[in-house]
1. Only one residue in LEU23, LEU40 is aliphatic (A, V, I, L, M), surrounded by 14 or more Cβ atoms within 10 Å (Cβ to Cβ), within 21 Å of the chain's Cα centre (by Cα) and at pLDDT below 95. Which one?
2. Given the criteria farther than 24 Å from LYS3 by Cβ, within 16 Å of the chain's Cα centre (by Cα) and not charged (D, E, K, R), does ALA95 qualify?
3. Based on what the data block shows, is LEU32 among the aliphatic types (A, V, I, L, M) and modelled with pLDDT under 95?
4. Which numbered condition trips up THR152, out of (1) within 26 Å of ARG10 (Cβ to Cβ); (2) hydroxyl-bearing (Ser, Thr, Tyr); (3) surrounded by fewer than 23 Cβ atoms within 10 Å (Cβ to Cβ); (4) in contact with a helix residue (DSSP H, G or I) (Cβ under 7 Å, 6 or more places away or on another chain)?
5. Any residue in segment 2-27 that's part of a loop (DSSP other than H, G, I, E, B): show its pairings with residues that are of a type outside the set (Gly, Ala, Ser) at Cβ separation under 6 Å, as long as the two are six or more apart or on different chains.
6. Can you name the helices (runs of 4 or more DSSP H) wholly within segment 82-184 that have at least 2 residues being modelled with pLDDT under 90?
7. For segment 52-79, which positions are out of contact with any strand residue (DSSP E or B) (no Cβ under 8 Å at 6 or more places or on another chain), in a helix (DSSP H, G or I) and either in contact (Cβ under 8 Å) with a residue 40 or more places away in the chain or small (Gly, Ala, Ser) (or both)?
8. Could you please find all residues in segment 1-44 being within 24 Å of LYS74 (Cα to Cα) and among the aliphatic types (A, V, I, L, M)?
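The values are calculated or read from the model by the stated rules, or taken from the named source; none is laboratory data. Since this is a predicted model, take the numbers as computed values, not measurements. Counting neighbours? That spans all protein chains shown, and the Cβs are built from the backbone with ideal geometry, glycine included.
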Amino acid sequence: MEKVRDDFVRATHMARDANFDMLQLHFAQGYLLASFLSPLTNVRSDTYGGVLENRLRFPLEVFDAVRAVWPEDKPISVALSVTDWVTGGFEVHDAIAVARMLKAHGCDLITVLAGQTTLEARPVYDPGFLIPLSDRVRNEALIATMTGGYLTIADEINSTIAAGRADLCLMDPPHLNDSPGRMT
């Protein structure tokens, strides 16, 4: 685990030296750090498993190590799956607690994602499906969010930001969305 943490730090040094403007850690969609957060994938019985605070321990150690070497004047973001879409899995109230903790440790932005944790997930990929999740994280954890979820027209993005449901939005290429009434 120390080697993994140190590899994240080394990558951060490279990003800093390359003069990147922003850094994002991926705590989402079943990747390594996300696998610690979900009770469906983290079945550890040591200090890195069990209750949410323990499951967050290693991702937070990585975040703190990266934040310590990333320039203070440059933002750092965390991509976070805010729901596993499985009963008994990571839920939005867990994500709000994690977002609050990350903010307290110097995180500037949460990129709201969802699912892709287990095969049992039952996602609903309707246009704008991440907006309600972003709204909750942003307004309950009091941290800036970025979201997407099949947003394909400027009005969707403008409405989301104007309503205070996200601070930034990702636009999906219209040719990837074949929903009726959408840009194709």
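1. It is LEU40.
2. Taking the combined requirement at face value, the residue satisfies it.
3. Answer is yes for this residue.
4. Of (1) within 26 Å of ARG10 (Cβ to Cβ); (2) hydroxyl-bearing (Ser, Thr, Tyr); (3) surrounded by fewer than 23 Cβ atoms within 10 Å (Cβ to Cβ); (4) in contact with a helix residue (DSSP H, G or I) (Cβ under 7 Å, 6 or more places away or on another chain), only one is false for THR152: (1).
5. Note: pairs meeting the criteria are MET22/PRO75.
6. Result: 154-162.
7. Those that are out of contact with any strand residue (DSSP E or B) (no Cβ under 8 Å at 6 or more places or on another chain), in a helix (DSSP H, G or I) and either in contact (Cβ under 8 Å) with a residue 40 or more places away in the chain or small (Gly, Ala, Ser) (or both): LEU52, LEU56, PHE58, LEU60, GLU61, ASP64, ALA65, ALA68, VAL69.
8. VAL4, VAL9, ALA11, MET14, ALA15, ALA18, MET22, LEU23, LEU25, ALA28, LEU33, ALA34
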